[in-house]
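Engineer: One structure follows; several queries about it will come next.
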Amino acid sequence: MRDPERILIVRLSHLGDVVHALGVFHALHAAFPRARIAWAVQTEFAELVAGLPGLERTLLFERHGGLAAWAHLWRELRDFAPDLSVDAQGNAKSGAVSRLSRAPRRVASARADWQEPWAAWTANEHAPARGPDELHALPRMQLLVRQLVPAAELPLRTDPALTPGELAAGEAALRERLPSADESALLLHLSSPGDARSWPGARWRELVETCVARGRGVLVLSGPAEAELGRELERLCPPGPLVAHWIGQRGLRALASVFAAAARRELALVVCDSGPLHLAVAVGMRVVALEGPQDARRTGPWPSDGRHRVARAVRAPTCAPCLARRCTHPDGPVCMQRLTAGEVLARLERA
């Protein structure tokens with residue numbers, strides 16, 4: 001079979017899944033260095049992939065753009081005209097993008113691994129299905145890569161290929177914001193209020209106060225979605241010798257650069273099941289993942305090589321994990337509410 005000349009990767013969302021799909025890009029770029037590669041992605045995640053060396057184009061999809069967004073993407077697909085489309089998402093939306101690309105060869109995961117299996121017809125070639133014990137998304141990406149590049153090296157490389165300039169900027173940003181030079185300093189990335197996977201603000205405050213009482217420095221990060229919680233926590237836990245706040249941090253590659261700098265110092269990150277968790281793992285940072293409704297075997301840090309820890313409430317309800325985005329428990333998301341700061345720090349200290 002002739003090597004592809006124009007490759008389209010389709011992974012529109014979400015952040016953690018886009019991070020996992022970086023392995024598909026790196027493997028294809030290594031196997032076909034002369035190929036032109038484009039990535040169809042939602043606008044809010046485009047910055048992360050746009051900086052990849054060897055990626056020629058990002059084809060943007062505006063999630064709330066309606067028919068106009070689809071028309072724009074269709075024109076971009078027609079202009080790029082791929083001869084190979086790789087659907088690394090596996091749902092109706094990504095399948096539609098792959099089909100609209102009109103690529104003669106359209107490869108996707110096995111039908112059983114699709115979120116909406118009825119849409120799998122949009123691909124004309126499928127990778128083998130995951131085994132019953134391979135629940136995580138990354139084995140699915142590995143099988144997809146092996147379908148395309150049988151000799152590809154595993155495990156897949158999933159970092160965003162940060163440049164020396166980005167790495168230097170991450171070092172400077174971390175050095176400027178760390179409240180203490182103590183090697184035990186801890187990074188916290190706040191969670192979005194209203195999400196069933198989020199840790200309550202009172203628990204984040206408890207963790208900051210417990211760290212300070214133990215003489216441990218804390219840098220509290222919040223993105224735009226968590227900025228309000230970040231400001232409230234700053235009011236309750238004011239900046240000081242052991243506490244610093246970075247409210248409303250922007251830029252996915254900038255965040256990855258800070259995580260990479262923290263990884264080089266062997267600092268740890270406490271984070272809920274979210275995109276920043278997977279971004280931190282991708283650049284080598286050690287994490288403590290706060291899990292409630294999610295199953296770490298499916299969405300937790302990967303690989304589970306002993307460097308990372310998963311924290312669950314000792315008194316978690318029997319319904320957890322449930323994988324639901326909206327909690328139906330009569331008392332709310334108690335699987336997260338019952339997880340205490342002491343339990344989190346105990347998991348960290350065992351790492």
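The values are calculated or read from the model by the stated rules, or taken from the named source; none is laboratory data. Quick caveat, the model's predicted, so the values are computed rather than measured. Glycine also receives a Cβ, built like all others from the backbone with ideal geometry; neighbour counts cover every protein chain displayed.
Engineer: Filter region 237-254 for residues that are within 24 Å of residue 215 (Cβ to Cβ) and small (Gly, Ala, Ser); which is surrounded by the fewest Cβ atoms within 10 Å (Cβ to Cβ)?
Structural biologist: If we take residues in region 237-254 being within 24 Å of residue 215 (Cβ to Cβ) and small (Gly, Ala, Ser), then 240 is surrounded by the fewest Cβ atoms within 10 Å (Cβ to Cβ).
Engineer: OK, next. State which residue pairs qualify: first residue not assigned by TED's automatic domain parsing to the domain that holds residue 85 and inside region 57-71, second residue part of a strand (DSSP E or B) in any location, beta carbons under 7 Å apart, and separation of 6 or more residues or different chains.
Structural biologist: From residues that are not assigned by TED's automatic domain parsing to the domain that holds residue 85, there are no pairs.
Engineer: Residue under question is residue 159, and the condition is that it be within 18 Å of residue 278 (Cα to Cα), of a type in the set (Asp, Glu) and either modelled with pLDDT of 95 or more or not in a loop (DSSP other than H, G, I, E, B) (or both); does it hold?
Structural biologist: Numbers: within 18 Å of residue 278 (Cα to Cα): yes; of a type in the set (Asp, Glu): yes; either modelled with pLDDT of 95 or more or not in a loop (DSSP other than H, G, I, E, B) (or both): yes.
The answer is yes for residue 159.
Engineer: Just for helices (runs of 4 or more DSSP H) wholly inside region 1-117: which have at least 2 residues that are more than 19 Å from the chain's Cα centre (by Cα), farther than 28 Å from residue 284 by Cα and at pLDDT 95 or above? Before the answer, list the steps.
Structural biologist: Values: elements: 15-31, 46-50, 66-80, 92-100.
Result: 66-80, 92-100.
Engineer: Only residues that are closer than 19 Å to residue 53 by Cβ and buried (at least 24 other Cβ atoms within 10 Å of the Cβ): list them for region 256-281, please. Show your work before the answer.
Structural biologist: The first filter runs over region 256-281 and keeps only residues closer than 19 Å to residue 53 by Cβ, leaving 256-257, 260, 279.
Result: 256, 257, 279.
Engineer: When both residues are 6+ apart or on different chains and their Cβ atoms are under 6 Å apart, which pairs have a first residue that lies in region 140-158 and is under 20 Å from residue 18 (Cβ atoms), and a second that is hydroxyl-bearing (Ser, Thr, Tyr) and surrounded by 15 or more Cβ atoms within 10 Å (Cβ to Cβ)?
Structural biologist: 140/109; 144/109
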